[in-house]
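The next block holds one structure in the form of structure tokens; read it before the comments.
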């Protein structure tokens, strides 16, 4: 299994708050940072790092301003973007229009899943929503997800993505039985499609973890780790898989990934273990063996060192704390 597919398999994504914004010029909206912890009406909590937001223009044009990017970005039908929680943005019909409302403000006025906002000028339709990720997904997603991804309509490999968004918009408009379930599944697919389009764009392959994945030699070693996570890997056996000397492999791995090969192996084993533990139907010794440990004691020691909690505490914390916020609280 290639490392990127393995990360996609490990991720558990919950899509929520999908809605369709029907904006007519003049209009302008802003979203600030959301660094504080969110608490849902049922008392469930979200850490500041477990949300992302998406938007795609299905009709019209607008301008997007993103924190850290000096010039406004023109968007046209078919353009879409993915946004990390701690990034501020503004969207408007013209760079000269002053945003006067927040996304949270207008969401409270939604008619079902449709929000109408603005004056009586040119129309723009934007499909929006949010994602939350379980704790086992945060590490892998951090490796793949920058603070802002922009995917233009004419970019390679975006046809399937556009079809998914159009299907999502249709489900939100019709509101027939099962629409909410279908919309959630489509949004999950959309998240992976956006990441794939982002990776296929090229430049991102030259950064961090993805640079190592696409390196001919290190990529082979990473594929071996992800394909056989329970193998008793050593630096020597990984170097052999990469076709490199032990010292050259270890130095190159540390340079690109910022950790030693065995630190990476242990970290990924714990990511897989977290996923298995959240299924709640696995015995501890079975989880240990699936991720490469012969005893539950050795596994538990490594888990506590890497995750910062023992397995019992991790399972209990997940049972008590995981949920997602409503549309009005987020993008």
Quiz item: What residue, among those in region 113-136 that are in contact with a helix residue (DSSP H, G or I) (Cβ under 8 Å, 6 or more places away or on another chain) and farther than 30 Å from residue 7 by Cα, is surrounded by the fewest Cβ atoms within 10 Å (Cβ to Cβ)?
Solution: 114
Quiz item: Is there any pair with a first residue in region 44-66 that is modelled with pLDDT under 55 and a second that is surrounded by 18 or more Cβ atoms within 10 Å (Cβ to Cβ) whose Cβ atoms are under 6 Å apart and which are 6 or more apart or on different chains, and what are they?
Solution: 46/38; 46/325
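Residue-wise test of (1) part of a helix (DSSP H, G or I); (2) touching a residue at least 60 places away in the same chain (Cβ under 8 Å); (3) within 19 Å of residue 8 (Cα to Cα); (4) not assigned by TED's automatic domain parsing to the domain that holds residue 294.
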| site | (1), (2), (3), (4) |
| --- | --- |
| 229 | no, yes, yes, no |
| 233 | no, no, no, no |
| 237 | yes, no, no, no |
| 244 | no, no, no, no |
| 249 | yes, no, no, no |
| 253 | yes, no, no, no |
| 259 | no, no, no, no |
| 263 | yes, no, no, no |
| 269 | yes, no, yes, no |
Quiz item: Looking only at residues in region 271-292 that are more than 25 Å from the chain's Cα centre (by Cα) and outside any helix (DSSP H, G or I), which one is surrounded by the most Cβ atoms within 10 Å (Cβ to Cβ)?
Solution: 292
Quiz item: When you look at residue 190, is it in contact (Cβ under 8 Å) with a residue 24 or more places away in the chain, touching a helix residue (DSSP H, G or I) at 6+ places or on another chain (Cβ under 6 Å), crowded, with 17+ Cβ neighbours inside 10 Å and not in a loop (DSSP other than H, G, I, E, B), yes or no?
Solution: yes
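What tally of residues in region 85-103 results from selecting those that are outside any loop (DSSP other than H, G, I, E, B) and surrounded by 17 or more Cβ atoms within 10 Å (Cβ to Cβ)?
The total comes to 5.
Would you confirm, using the coordinates I've provided, whether residue 221 is surrounded by fewer than 16 Cβ atoms within 10 Å (Cβ to Cβ) and assigned to a helix (DSSP H, G or I)?
no
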Quiz prompt | Residue list for region 235-259, filter: over 27 Å from the mean Cα position of the chain (by Cα) and loosely packed, with under 14 Cβ neighbours inside 10 Å | solution = 236, 243, 245, 247, 248, 251
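The values are calculated or read from the model by the stated rules, or taken from the named source; none is laboratory data. Keep in mind that what you see is a predicted model, and the values were worked out from it rather than measured. Neighbour counts are summed over all protein chains in view; Cβ atoms, including those assigned to glycine, are modelled from backbone coordinates with ideal geometry.
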